[in-house]
Amino acid sequence: MIARVTTADDTSSELNLRVNGTMYRLRLDHRTTLLDALREHLGLTGTKKGCDHGQCGACTVLVEGLAEGLAEGPAEGPAGGRRVNSCLLLAVMAQDAEITTIEGLASRDGELHPLQAAFVERDALQCGYCTPGQICSAAAMLGEAAAGWPSAASASLSPQAGPVTLDAAEIRERMSGNLCRCGAYVNILAAIQDVCRETT
Amino acid sequence: MRLFGYLVPPDPAAAIAAVTGRPGAAFLAGGTNLVDLMKLGVATPDLLVDVTGLLPGRIEPVPGGGLRIGAGVRNSDLAADPRVRAGFPVLAQAVLAGASGQLRNMATVGGNLLQRTRCLYFQDVTKPCNKRVPGSGCPARAGDHRNLAILGGSPHCVATHPSDMAVALAALDAVVHVEGPAGPRALPLGELYRLPGDRPDRETTLERGDLITAVDLPAPGFAARSAYRKVRDRASYAFGVASVAAALDVDGGVIRDARLALGAVAPLPWRARTAERVLAGRPATAEWFGRAADAELADAAPLPDNAFKVTLVRNIVVRMLCELANGELAHGESAGAAS
């Protein structure tokens, strides 16, 4: 593991954040969450601040390598980043990790991520404020299901079950960490189901 | 939020020394509860000692057939582990019944055990709370207590422990490994928590600088026939109103042994030993399941707005035990969908 910072009395740290493939070097007050670092310091305002308490999911981003710091290494898991609430992750905890935000989901030539295209096609939003979090969360959820992670809606916990088929009940349960106050759930579900059908 | 230092020590010993030597220091793991409490002004550490890179992050078999879960294992990895799903379905279900996909990716096993109550008064620094400010009083008994304790509370505090995972661990006779300034030790999960009494601010038996490093699960035995059921105010992503972790060993219609723990109804994950004693050797029938639940709940001291929990817990216990006895919650099958 890379030795990280600081002396106990410093209240800020110099740190590296790798976001959407670009490395940024910042000095941040330790109180800065990853969400505020993205929005206020890096100008990446696609990630939204809703409740700021981990209850709404608007701040969801993907983080790869957060678990890599663990002694003895992480367990096998889904490919790609893991979805987290960036409002509850201090920016200092995210150094050395690979962070993907909604700005990094589309390909470099501007082609939308299949989930982005599906949300547009299905009109899966009203005000759009929760949408970046919904899409980042759904992107990671597809990886979790492909890796065979069960959910509270899964009919079986059997380890032999293999990749999970995402029916409506599974998607609703797995997406419950993302609230939509406009109530666009019907079309959010339809958009995600479209992508599930394309990829299976 | 108060200014704070942030330290990533090279090893657990240095982390323990850093927290032991500084009254304002706190260990930081997943942060899903601590960072939130800091935003609310409830927790005000002046130094965070990040132990996420120091704690074991793997689940390993132990001699005799049990599992050792590193305290740094994320909830999502715990619930996905094939050995946990097959041998301890109650634990996988409990973890999957808690929080959201995002939070489970962050939260760790050690942190989950030490998360604080979600009692509204505890989380609101403008209100009195004996847990947050000893001696300041408890507005809950005459105020909003619909989701607070019916068992184990005191005149000073009726807050509930919010963990789902810990309820399953209580039923499974889990053992908690701790390292601290006095060296390493292991204690049954039941000895980790204290009842509030007149000191609700003292929630555990841990001393300053004690760090949970792992949790052991004994060999599965009949834990494979186990399940967790959580009742809450919405279908997903909400703290429990009441939950039950149960395991049942039935032979020829007679209960050989049972494990029962209740969640969201007490200041700690509530192992229902009175009910277990009633069940041992009795016919595996709804009548006896009900008698066992009644025996456990005889000491319940509900408040006006949470008296419904007594009936609710009884009903969940009877239904779950019936399903376990009938094999409807077979090996590795989920009970979570119904909640």
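The values are calculated or read from the model by the stated rules, or taken from the named source; none is laboratory data. Keep in mind it's a predicted model, so treat the numbers as computed, not measured. Don't worry about glycine lacking a Cβ; one is built from the backbone with ideal geometry, like all the others, and counts go over all protein chains shown.
Quick check on B:ASN112: is it more than 9 Å from every other protein chain (Cβ to nearest Cβ), closer than 29 Å to B:VAL158 by Cα and at pLDDT 95 or above? It would help to see each step written out before you state the result.
Values: more than 9 Å from every other protein chain (Cβ to nearest Cβ): yes; closer than 29 Å to B:VAL158 by Cα: yes; at pLDDT 95 or above: yes.
In short, yes.
Exactly one of these conditions fails for B:GLY57: (1) within 10 Å of chain A (Cβ to nearest Cβ); (2) in contact with a Ser or Thr (Cβ under 9 Å, 6 or more places away or on another chain); (3) at pLDDT 95 or above. Give me its number.
Looking at each condition in turn, B:GLY57 falls short on (3).
Let's see how each residue does on (1) surrounded by fewer than 20 Cβ atoms within 10 Å (Cβ to Cβ); (2) more than 7 Å from every other protein chain (Cβ to nearest Cβ):
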site	(1), (2)
B:LEU28	no, yes
B:PRO45	no, yes
B:VAL51	no, yes
B:ARG74	no, no
B:ASP77	no, no
B:PRO82	yes, no
B:ALA86	yes, no
B:LEU103	no, no
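If you go through segment A:172-200, how many residues are without any contact (Cβ under 8 Å) to a residue 60 or more places away in the chain and within 27 Å of B:SER226 (Cβ to Cβ)?
Step one: of segment A:172-200, the residues without any contact (Cβ under 8 Å) to a residue 60 or more places away in the chain are A:172-176, A:180-183, A:185-186, A:189, A:193, A:196-197, A:200.
With the extra rule that they be within 27 Å of B:SER226 (Cβ to Cβ), the set shrinks to A:172-174, A:176.
Residues flagged as without any contact (Cβ under 8 Å) to a residue 60 or more places away in the chain and within 27 Å of B:SER226 (Cβ to Cβ) within segment A:172-200 amount to 4.
Would you check which residues across segment A:47-67 are in a loop (DSSP other than H, G, I, E, B) and either farther than 26 Å from A:GLY21 by Cβ or more than 10 Å from every other protein chain (Cβ to nearest Cβ) (or both) and list them?
Correct list: A:THR47, A:LYS48, A:LYS49, A:GLY50, A:CYS51, A:ASP52, A:HIS53, A:GLY54, A:GLN55, A:CYS56, A:ALA58, A:GLY65.
Take the residues in segment A:27-43 that are out of contact with any Gly (no Cβ under 9 Å at 6 or more places or on another chain) and in a loop (DSSP other than H, G, I, E, B); name whichever of them is farthest from A:THR100 (Cα to Cα).
So the residue we want is A:ARG31.
Which residue pairs have Cβ atoms under 6 Å apart, sit 6 or more places apart or on different chains, and have a first residue in segment A:125-149 that is acidic (Asp, Glu) and a second that is assigned to a loop (DSSP other than H, G, I, E, B)?
A:GLU144/A:PRO78
Search segment A:132-190 for residues being within 10 Å of another protein chain (Cβ to nearest Cβ) and basic (Lys, Arg), and hand back the single one that is farthest from A:HIS53 (Cα to Cα).
For segment A:132-190, the residue satisfying everything is A:ARG172.
Conditions (1) out of contact with any helix residue (DSSP H, G or I) (no Cβ under 8 Å at 6 or more places or on another chain); (2) under 24 Å from B:ALA166 (Cβ atoms); (3) at pLDDT below 95; (4) outside any helix (DSSP H, G or I), marked per residue:
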position	(1), (2), (3), (4)
B:ILE255	no, no, no, yes
B:ALA261	no, yes, no, yes
B:ALA266	yes, yes, no, yes
B:GLY281	yes, no, no, yes
B:ALA301	yes, yes, no, yes
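Say we look at segment A:98-111 and pick out the residues that are of a type outside the set (Gly, Ala, Ser) and farther than 24 Å from A:LYS49 by Cβ; which of these is surrounded by the most Cβ atoms within 10 Å (Cβ to Cβ)?
The qualifying residue surrounded by the most Cβ atoms within 10 Å (Cβ to Cβ) is A:GLU111.
Quick one: in segment A:82-106, of everything that is closer than 14 Å to B:ARG104 by Cα and part of a loop (DSSP other than H, G, I, E, B), which residue is nearest to the other protein chains (Cβ to nearest Cβ)?
This residue is A:LEU88.
Could you grab me the full set of residues in segment B:210-247 that are part of a loop (DSSP other than H, G, I, E, B) and more than 19 Å from B:ARG118 (Cα to Cα)?
Scanning segment B:210-247 gives B:ASP210, B:PRO218, B:ALA219, B:PRO220, B:ARG225.
Considering B:ARG22, B:ARG74, which residue is charged (D, E, K, R) and either assigned by TED's automatic domain parsing to the domain that holds B:ASP201 or in contact with a Cys (Cβ under 8 Å, 6 or more places away or on another chain) (or both)? Even if it seems obvious, please write down each step before you answer.
On the way: B:ARG22 fails: either assigned by TED's automatic domain parsing to the domain that holds B:ASP201 or in contact with a Cys (Cβ under 8 Å, 6 or more places away or on another chain) (or both).
After applying the criteria, what remains is B:ARG74.
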